[in-house]
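Colleague: Mind looking over this structure? Questions follow.
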Amino acid sequence: MLTDLHIAVIGGDARQLEVIRKLSEMDAKLSLVGFEQLDHVFSGSSKKGINELEFSELDSIVLPVKGANLSGEVETIFSNEKIILTEEMLKQTPDHCIIFSGISNQYLDAICKEANRKLIKLFERNDVAIYNSIPTVEGTIMMAIQHTDITIHGSNVVVIGLGRVGMSVARAFACLGAKVKVGARKLEDIARITEMGLYPFFTDDLMKEVSDADIVINTVPALVVTAAVISKMPLHTVIIDLASKPGGTDFRYAEKRGIKALLAPSLPGIVAPKTAGSIVAKVISQILIEELKQGKE
Ligand code: NAP
């Protein structure tokens, strides 16, 4: 439980509501900034303007996925208030105050460093990435069904990358009966792919592995699905690129060749915003319990 902890949730979108719901359920005292147009009332919470926030009482500040922009502005969809988070505000918080954000940038890094407050970038954490791979896989399956006229069962699927997303995707497509090949560049990953009962290859050899591909799923955030690779694919191949923008596919060449190539970012927030929010909430509450409650005891 988070009883006696005062947490400010500043800005955010629908995903943040799940975070608020979970923190409220865990008995935290919540100050919600940037939510005045939200009708729902969460127990133990009060809506405030940024200037009404008692920074000196905060155990933690939870920012939205993007944190703040380079001017310090925090995005919100439930308010017209312009919310700017500053170094001076953070300096007023107690030394133990933890700042959570999905990702960060130079501005947020700098103000947390100057104020000497711990910044936790949730999307850089292994646990969040692994939990998030679950809705990502479901979104990928949805896209594969929508954009092909064959079953996944029996299809030839090439997955590129055996990271947090690649491993979950490869396993799920194999479980659905696809013939899955996985490209990786480390010998230990080649060993793991073999252990999983899938066909391993080195990503550098991708060109040789796509001639019978029905679906190519890229998780590598670098240009690996090059024009040369695409030129070896059958025309019916569908490329689903999960890597963060701009993806790892030569989309211009794919279009020129008439191959369907889809960049599919942010699937967890699209296919399962509630789950995506509860993943973030679960990890935030685990960290707060570990770091703050133990510190107070
Ligand atoms: P990860 O665990 O870091 O895995 C990345 C994989 O790409 C690893 O196998 C890595 O190999 C490989 N790789 C990286 N750079 C490479 C290069 N230059 N050449 C060849 N292989 C390379 O990352 P992840 O958590 O699986 O996420 C993968 C991507 O998906 C990221 O861009 C992430 O932002 C994105 N993502 C998208 C969604 C969505 O909804 N579309 C959801 C979650 C994540 P090594 O281990 O050898 O470095």
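Read-outs: derived from the displayed coordinates by stated rules, not from any lab. The structure displayed is predicted, hence computed values, not measured ones. Cβ placement follows ideal geometry from the backbone for every residue including glycine, while neighbour counts extend to all protein chains displayed.
Colleague: If you take the residues of region 240-290 that are within 16 Å of VAL224 (Cβ to Cβ) and out of contact with any strand residue (DSSP E or B) (no Cβ under 8 Å at 6 or more places or on another chain), which of them is nearest to the ligand (Cβ to nearest atom)?
Modeller: SER244
Colleague: Which condition number does SER79 fail, the rest of (1) within 16 Å of the ligand (Cβ to nearest atom); (2) of a type in the set (Gly, Ala, Ser); (3) farther than 23 Å from ARG164 by Cβ being met?
Modeller: (1) is the only condition that SER79 fails.
Colleague: I'd like the residue in region 209-235 that is of a type in the set (Ser, Thr, Tyr) and within 16 Å of the ligand (Cβ to nearest atom) and, out of all such residues, is surrounded by the fewest Cβ atoms within 10 Å (Cβ to Cβ).
Modeller: Among them, the one singled out is THR226.
Colleague: Let me ask something else. Got at least one residue in region 15-23 being part of a loop (DSSP other than H, G, I, E, B), closer than 23 Å to SER285 by Cβ and not basic (Lys, Arg)?
Modeller: no
Colleague: Any idea which of (1) closer than 15 Å to HIS147 by Cβ; (2) surrounded by 14 or more Cβ atoms within 10 Å (Cβ to Cβ) is the one ALA272 doesn't satisfy?
Modeller: If we test ALA272 against (1) closer than 15 Å to HIS147 by Cβ; (2) surrounded by 14 or more Cβ atoms within 10 Å (Cβ to Cβ), just (1) comes out false.
Colleague: Being part of a loop (DSSP other than H, G, I, E, B) and without any contact (Cβ under 8 Å) to a residue 24 or more places away in the chain is the filter here; which residues of region 261-278 pass it?
Modeller: PRO265, SER266
Colleague: For region 179-196, name all the residues that are in contact with a Gly (Cβ under 8 Å, 6 or more places away or on another chain) and either within 10 Å of the ligand (Cβ to nearest atom) or of a type in the set (A, V, I, L, M, F, W, C) (or both).
Modeller: Result: VAL182, GLY183, ALA184.
Colleague: Taking region 5-42, which residues are free of Cβ contacts under 8 Å to residues at least 60 places away in the same chain, touching a helix residue (DSSP H, G or I) at 6+ places or on another chain (Cβ under 6 Å) and not hydrophobic (A, V, I, L, M, F, W, C)?
Modeller: HIS6
Colleague: Now for a different question. Return the total of residues in region 220-242 being touching a residue at least 60 places away in the same chain (Cβ under 8 Å), over 14 Å from ALA144 (Cβ atoms) and within 18 Å of the chain's Cα centre (by Cα).
Modeller: Adding up the residues that qualify gives 1.
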